[in-house]
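Please read the structure below before turning to the comments.
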Amino acid sequence: MKILFVVQGEGRGHLTQALSLRQKLLKDGHTIVGVLVGKSPARRIPSFFTDKIEAPVYSFESPNFLPTAKNKQVNMPKTIAYNLLRQHKYIAGIRFVRRMIKETEAEVVVNFYELLTGLAYLLLPPKAHMISIAHQYLFLHPDFEFPNEARLHLASLRFFTRMTTIGATKILALSFRKMRELPNARMVVVPPLLRSEVLAAKAEKGNYLHGYLLNSGFAEEVKNWHEKNPDVVLHFFWDKKGVSKKEDYDDKLSFHQLDDKLFVDYMARSKAYATTAGFESVCEAMYLGKPVLMIPTHIEQACNAFDAMQSGAGVVSDTFDMDALLELSDNHKVNADFQYWVKQSDWLVLREFREDLLQGEIPLGLFHRLFINWIARLGKSLSI
């Protein structure tokens, strides 16, 4: 089949999931006709993605979270106001997604949690079937346990998540562990999409701490901890603009530009891992047997971190508290059940691309439903 990817490009997770799924689909005889990446103007598509995806890559502007002045947590009032003012850009993005589906002659669209894809199918669904795939779809599963967060925030998160699934023939929810399928909701729970490079990596317990900073403002926390613990070696990755590939704070602390092969190499040889609670890198750490310190920056990551903690990944904190990570690394036990679950990913995921997928009907879009309702009301009025 001809398959088009549409990827929510904020951070690293969905991009690496797309790389992994590409590997699996190509082996199964499918063709990736293009990749559309939704992102904010402040983000750039990492070179590791454009170099390895081996398909035409196009970007468009899509809604995103804005950080606080210190570039750490999400500023929700600022985020809402900003996205409202950028509506004209997002309308253009919806049109772009629809046009590219038509021009590439895609038979299937794989949506990696990009909102504008759902809106494109809401307004006027393309002929291509859509499969939505992300860890966030577990938020729609009745058995998923949420952290103790405000009900309004959780309701908003679930609403946003559901919007990305509009028009989806199937919803693949990536999970740390096996959960029941929901045929009526078109949902199948599948293992994480880890790339072959991660699966082939040889894990060793090194003498340094590894980390990823979604927002560069957290670098100050890392530096402050380092000043108090100057003997501990730290290697952190970020995608900060205007800096070199490697920024050495001193001979013990280094900040690296995001490079996926280098990232996995450092992960495999580290003692432990600290991150802003993105799903993908936590899964990589768990598979390689590394304990994880998770520092959520918004409600979605708080849910990820809570779910990961239940699966034995590590601990959750409000700050980059490396003391807790060092303590955790001394007693951490590898989750063998998780490793076995990941190894089932190929056949469980590819099965969903093989099973009579194109025989189902594409859910009607908003304009289609309005037209059908209008015809029904007209027919009823004429029969009176």
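Within segment 190-202, is even one residue more than 19 Å from Cys283 (Cα to Cα) and free of Cβ contacts under 8 Å to residues at least 40 places away in the same chain?
There is no residue in segment 190-202 that is more than 19 Å from Cys283 (Cα to Cα) and free of Cβ contacts under 8 Å to residues at least 40 places away in the same chain.
Residue count for segment 302-331 satisfying the condition of being outside any loop (DSSP other than H, G, I, E, B) and modelled with pLDDT of 90 or more: 20.
State whether the residues of segment 353-361 include one that is outside the structural domain of His210 (by TED's automatic domain parsing), among the aliphatic types (A, V, I, L, M) and out of contact with any Phe, Trp or Tyr (no Cβ under 8 Å at 6 or more places or on another chain). Before the answer, list the steps.
Filtering segment 353-361 down to residues outside the structural domain of His210 (by TED's automatic domain parsing) leaves 353-361.
Add one more test, that the residue is among the aliphatic types (A, V, I, L, M), and what stays is 357-358.
Then drop every residue that is not out of contact with any Phe, Trp or Tyr (no Cβ under 8 Å at 6 or more places or on another chain), which leaves 357-358.
Within segment 353-361, one or more residues are outside the structural domain of His210 (by TED's automatic domain parsing), among the aliphatic types (A, V, I, L, M) and out of contact with any Phe, Trp or Tyr (no Cβ under 8 Å at 6 or more places or on another chain).
The number of residues in segment 226-285 that are within 19 Å of Ser196 (Cα to Cα) and of a type in the set (A, V, I, L, M) comes to 7.
Please state which of the following conditions Lys170 fails to meet, knowing it meets all the rest: (1) within 15 Å of Leu348 (Cβ to Cβ); (2) out of contact with any strand residue (DSSP E or B) (no Cβ under 8 Å at 6 or more places or on another chain); (3) among the charged types (D, E, K, R). Of the numbered conditions (1) within 15 Å of Leu348 (Cβ to Cβ); (2) out of contact with any strand residue (DSSP E or B) (no Cβ under 8 Å at 6 or more places or on another chain); (3) among the charged types (D, E, K, R), the odd one out for Lys170 is (2).
Restricting attention to segment 204-224, the residues that are of a type in the set (A, V, I, L, M, F, W, C) and modelled with pLDDT of 95 or more total 1.
For segment 67-86, the count of residues that are in contact with a Leu (Cβ under 9 Å, 6 or more places away or on another chain), modelled with pLDDT of 85 or more and either under 21 Å from Asp239 (Cβ atoms) or assigned by TED's automatic domain parsing to the domain that holds Ile45 (or both) is zero. When Leu138 is tested against (1) in contact with a strand residue (DSSP E or B) (Cβ under 8 Å, 6 or more places away or on another chain); (2) in a loop (DSSP other than H, G, I, E, B); (3) within 24 Å of Thr276 (Cβ to Cβ), just one condition goes unmet, and that condition is (2).
The values are calculated or read from the model by the stated rules, or taken from the named source; none is laboratory data. Everything quoted here is computed from the prediction, not taken from an experiment. Here the Cβ is made from the backbone with ideal geometry for all residues, glycine too, and neighbour counts use every protein chain on show.
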